[in-house]
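Since every read-out is calculated from the coordinates, none of them should be taken as a lab result. Owing to the predicted nature of the structure, the values given are computational and were not obtained by experimental measurement. Counting neighbours? That spans all protein chains shown, and the Cβs are built from the backbone with ideal geometry, glycine included.
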Amino acid sequence: MRSKNLIIMIVAFIVEVLISYFIASFFSVRFIEIMFFTGIAFAGGSFYFSSSGGAMTRLFTSQVSGQTGIIQKREKFTYQLGPIFITSVIFFLIGLVLFLLLVWGIIPPVEV
């Protein structure tokens, strides 16, 4: 792995942790309770913005073709597996494990 990708992954992980921490403190829940859900959001967002568009791009292209009569070239769906998506998936998987441990009762609930 190139050092540039490693630095991007570390920075992305730190940003995801900080955003999750601020969301958890805003809603007054534990950090590990929110990691799973923010991990899904980060992974989904990075997938959406790293892909070629998919169904939405085809919809807009079809609308423009219908309005103008000009048939545009269609592109196949492509996705580049980048370091930010990999980091988001790792963060999601860590959150999933901790969430399952919370649900199964291995990690005890907060004492009030």
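Among the trypsin sites (Lys or Arg not before Pro) within the stretch 1-65, which fall in a DSSP loop and have no more than 11 other Cβ atoms within 10 Å of their own Cβ? Before the final figure, lay out each step's value.
Values: sites: 2, 4, 30, 58; in loops: 2, 30.
Loop-located and lightly packed - 2.
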Exercise. Taking Cα centroids, how far is the stretch 23-37 from the stretch 68-112 in Å?
Worked result: 16 Å
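DSSP loop chymotrypsin sites (Phe, Trp or Tyr not before Pro) in the stretch 1-92 with at most 14 other Cβ atoms within 10 Å of their Cβ, which ones? Walk me through the numbers on the way to the answer.
Numbers: sites: 13, 21, 22, 26, 27, 31, 36, 37, 42, 47, 48, 49, 60, 77, 79, 85, 91, 92; in loops: 77.
Of the chymotrypsin sites (Phe, Trp or Tyr not before Pro), the ones in loops of the stretch 1-92 whose Cβ has at most 14 other Cβ atoms within 10 Å are 77.
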For this session: Please give, to one decimal in nm, the separation of the simple spin-label points placed at residue 50 and residue 100, each 7 Å out from Cα toward the Cβ.
Result: 2.3 nm
Seminar exercise, completed: Of 70, 23, 14, the most mobile residue in a GNM of the chain (C-alpha springs, cutoff 10 Å) is 70
For this session: Provide the net charge surrounding residue 83, with neighbours chosen by a C-beta distance below 10 Å and charges set as Lys +1, Arg +1, Asp -1, Glu -1.
Result: +2
Problem set entry | Distance (nanometres) between label positions extended 7 Å along Cα→Cβ at residue 5 and residue 90 | 1.2 nm
